[in-house]
1. Can you find, among Y204, V411, A423, the residue farthest towards the positive end of the dipole of the chain? Put +1 on the C-beta of Lys and Arg, -1 on that of Asp and Glu.
2. Quick check: from the Cα gyration tensor, does segment 124-223 come out rounded (a/c under 1.5), prolate or oblate?
3. For a label point 7 angstrom out from the Cα of R10 toward its Cβ, which stretches of segment 49-63 have the backbone nitrogen within less than 13 Å?
4. If you take the beta carbon distance between D322 and E391 as r and set R0 to 25 Å, what does 1/(1 + (r/R0)^6) give as a FRET efficiency, to the nearest 0.05?
5. Evaluate E = 1/(1 + (r/R0)^6) for A622 and Q279, where r is the Cβ-Cβ distance and R0 equals 35 Å; express this FRET efficiency to the nearest 0.05.
6. Based on the inverse mean of 1/r over its pairs of different Cα atoms, what is the Kirkwood hydrodynamic radius of segment 447-516, in Å?
7. Taking 7 Å along the Cα-to-C-beta vector as the label spot, tell me the K293-E582 distance in nanometres, rounded to one decimal.
8. When the chain is fully extended, how far beyond the present Cα-Cα distance does S67 get from L378, taking 0.36 nm per residue of separation?
Amino acid sequence: MTVLQVADLRFGYAGDTLFEGVTFSLAIGDHAALVAPNGAGKSTLLRLLAKEIEPDGGTVVVKKDISVGYYRQSHELVAKGDVLSAFLSGFGDIVELREQLVKAQHDAASGDEQALAHLAHVTDRYHVARGDDLEHRVAAIAAKLGFSTADLARPVASLSGGERGRLHLGVILAQEPDLLMLDEPTNHLDLDTISWLEGWLRGYRGAVLVVSHDRAFLDAVSSQTLELGTRGLRVYPLRYSEYAIARQGDLERERALMERQQAFIDKTEDFIRKNIAGQKTKQAQSRRKMLDKLDRVAGPEDVWAVAERVSFRFAQAARSGDIVLDAKELAAQRGGRVLFEGVDLLVRRGERIGIVGPNGAGKSTLLKLLAGKGDRELDTGNVRRGTNLQEGYFDQHLGAVNPSNTAVAEVRTIRGDFTVEAARQYLARFRFWGDDPLRVVAGFSGGERSRLALAKLLLEPRNLLFLDEPTNHLDIPAAEILEEALVGFEGTVLLVSHDRRFLETVTTRIVSVRDGVVEVYPGGFSDFASAHAPKSEAPKRDRKAEAREAKKSDVPPPLSEQAKKKQHEAQKQASRDREKRERRFKELEDLIAAGEKQLGEMRGKLREDPAGDWAKLAKMAAEEQALSRRVDALMTEWTRLGEELSG
């Protein structure tokens, strides 16, 4: 059932069009990723779909009686009541009953018979409304999002920014809407919680539209990718990593089509110039009319092209000693709670160490201790520093940038020898163009502040880097470019991150901080993740009891008639399910073969001379791209089924 239909949507600010021609639909069960660089309008599009703002043109139709849940990056929560009430806020009747129940419990404490009778009445109504079941379900979600039973009684006003983000996410998930829209839901989550959210979303029956810069998360939760551009929306029935490959082929085909048409136009115009005043005047005039009516094929819009022009290059630094850091007996406590103690860590030149663990475990605290930025009153231990170190520190809270300065002024705090023009040219490497370098940092987005902080960090030679969540506000291309720069970095890196793809690419060793214990794992993040992958648990068995039963008799006890019937039905159902998968597997083989044959024919026609009918050629190219995506999706399903059948 289709729950959302968007047609020819257009929106802009101050007369400048942000995007137009956006058309797509979502049905129950569709899980889609909305992708584009920072500033392209992803969050704006979600606000349009949520009817928070009006479009300049086009339509957004949400099917009648469809419930919509929308998680915003700017999680504005009413700061009143306790956490449990906030979690239940999407269920007005239940919340009202719960408030009555709390008041009735308070009144009944006096022992008055009338108050006790009223308490019994309200309690019955609360049970009938299944308030207890809802509380249990909400408490389970709250626990997975890092809220303990005691936290549920805390006032919302006492929560930190990160806790409010997780609370807002839990409020939306608890409602289980038909259409769920999530804007950067992993920003305040640790690795454990991200993994839980992935599993929750994979099993979610409603429609999901998610915006995220976490590539591993997108691959895990979405089966189609929507690419937002200024000229419309491209729909790929593929996961993000598959889309990233497929789009390159589309762009190459579209560029080739445009180049072929341009060659035809150039050749025709040359003929017109040479013959307009000669014997072939009529032919020249005819061809000019033909060119005037020609539908010009627009060049493909590469939405990531500008984003990929970020340039993270580390300045050449001196070589450090082979031993960079030698930490002994490190310990830290916060709020009366010991985060870790007795930590020893030897860091050698060229290592790239990732620090991972749950929120609040002490990852950033450990990084600060190693960087010599710990709290002298709360932290203990010793860190011996190697020779010839040139250190740089990236703070996830972006304290390294002064909000009252312009971007140019920030650069010149590091390089006073830079002229304004030199600073602007340097900032252009980080996608600050036009008047951006002259804007005050207070008006920058999180992504812009991150790029500015990294620009400052890279201005001076460094051979030891401490990075606390460096990709938090970066879009996907910027994160990938930073990955490449760090992999090629000749110095030493210690970093905290929740971005699994980033950790997989960059790290050579992992330090895990969890429940007061710090453990060091050789190998990169992939090795660490494999070692900590949840094992499939077999049902627990009483092996002593089994042994006693085996001694009594090697013959299994006879099944009851009802058990035999159930077993027979289960075997028949399993056989039917397998036959169904085998039929689908064969059907997919035929569909893929037919699709590849059709693709071959279409590509052959695309290589032929269009004889001036460029509109037809453009239509054929679009059909070929759509068919190519369908074949890719069929191949993905065929591979998955093949693995299931051979398992």
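1. Going by the Cα projections, it comes out as A423.
2. Oblate is the answer for segment 124-223, as a/c is 1.5 or above yet b/c matches or exceeds a/b.
3. The answer is 55-59.
4. 0.90
5. Numbers: r = 41 Å, r/R0 = 1.16.
Efficiency computed from Cβ-Cβ geometry: 0.30.
6. 12.9
7. Placing both labels 7 Å along Cα→Cβ, they lie 5.9 nm apart.
8. That pair, S67 and L378, stretches by 107.1 nm at full extension.
The values are calculated or read from the model by the stated rules, or taken from the named source; none is laboratory data. No experiment lies behind these values; they were computed from the predicted model shown. Positions of Cβ are generated from backbone atoms using ideal geometry, with glycine treated the same way; all protein chains shown enter the neighbour counts. Note: areas computed on protein heavy atoms with side chains; ligands, DNA, RNA excluded. Shrake-Rupley method; radii C 1.70, N 1.55, O 1.52, S 1.80 Å.
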